[in-house]
Amino acid sequence: TVARLDLGISDTRVAQASGAFGPTVATSFQRNNQLSPPSSFLVGSSGTRTDTFTSSLGVGQRLKWGGGSYSVAWDSSRSTSDSFLLNFNPTLRSGLSLSFSQPLLRDLTMDGSRQQLATSRRGRAIAGARFEETTVRKVAEARHAFWNLVLARAALDVQRQSFDLARELARVNAARVEVGSAPPLDLVS
């Protein structure tokens, strides 16, 4: 049971180390409502009200090979204003950004996350070997105990037969002593 639990713990450590290379999702929403005081006689006395809503959604991931990473993001915004100086109302904007980063020499062969993943995978292999070793050892101990039981039962049967033969010999010797064909010393032997 302990060896089996050690396997589960090792699997959890591998999954934890692999989590550094899993994709991450990031999102944000922002709303801004702004009232600007009049800055010109063209704007009027009430000022300008601008309402802006911005959102973004992105996915990024570190790569297991070469230390690189990538990200993909979608940004959008909608802005409305009561200013008569704007040609388009509401104003819509959206954009898609793709990014890939690959360091030239740093972390090319090994970094902390990949080292942790390799270490946890080796630990899992060691735990698997220990589990197999424990299983084989316990099976061998059970077989050894079984054959010791078989041997003990066979020895008991031999001792019972020997006891029965000794009892029969004592009966025959007692009969021979009664008849007088053997000396009484044979009873003691």
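Listing for the model above:
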{"read-out": "Heavy-atom SASA rank of 168, 178 (probe 1.4 Å, accessible area, largest first)", "value": "178, 168"}
{"read-out": "Candidates 149, 96, 104, ranked by Gaussian network fluctuation over the chain, Cα under 10 Å, top entry", "value": "149"}
{"read-out": "Rounded accessible area of residue 82 (nearest 10 Å², 1.4 Å probe)", "value": "100"}
{"read-out": "0 to 90° range, to nearest 10: angle between helix 2-18 axis and the chain longest Cα axis", "value": "20"}
{"read-out": "Correct option for mean projected area of the Cα convex hull in nm² [calculated from the coordinates] among (i) 25.2; (ii) 14.9; (iii) 10.5", "value": "(i)"}
{"read-out": "Range in the chain, longest, excluding exposed chymotrypsin sites (Phe, Trp or Tyr not before Pro) [loop by DSSP; at most 15 other beta-carbon atoms within 10 Å]", "value": "89-189"}
{"read-out": "Per residue accessible area of the chain, 1.4 Å probe, in Å²", "value": "77"}
{"read-out": "The chain, accessible surface, carbon-and-sulfur percent (1.4 angstrom probe)", "value": "60"}
{"read-out": "Relative contact order for the range 42-189, counting Cα pairs under 8 Å that sit 6 or more residues apart, in percent", "value": "15"}
{"read-out": "GNM top mover of 87, 148, 173 - the chain, alpha-carbon springs below 10 Å", "value": "173"}
{"read-out": "Normalised convex hull volume, the range 91-189, alpha-carbon set, Å³ per residue", "value": "211"}
{"read-out": "Amide proton proximity set for residue 68, modelled H, under 5 Å, gap of 5+", "value": "63"}
{"read-out": "Additional length obtainable on full extension of the chain from residue 160 to residue 53, 0.36 nm per residue less Cα span", "value": "28.8 nm"}
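The values are calculated or read from the model by the stated rules, or taken from the named source; none is laboratory data. None of these values were measured; they are calculated from a predicted model. Every residue, glycine as well, gets a Cβ built from its backbone with ideal geometry; the counts of neighbours run over all protein chains shown. Note: areas computed on protein heavy atoms with side chains; ligands, DNA, RNA excluded. Shrake-Rupley method; radii C 1.70, N 1.55, O 1.52, S 1.80 Å.
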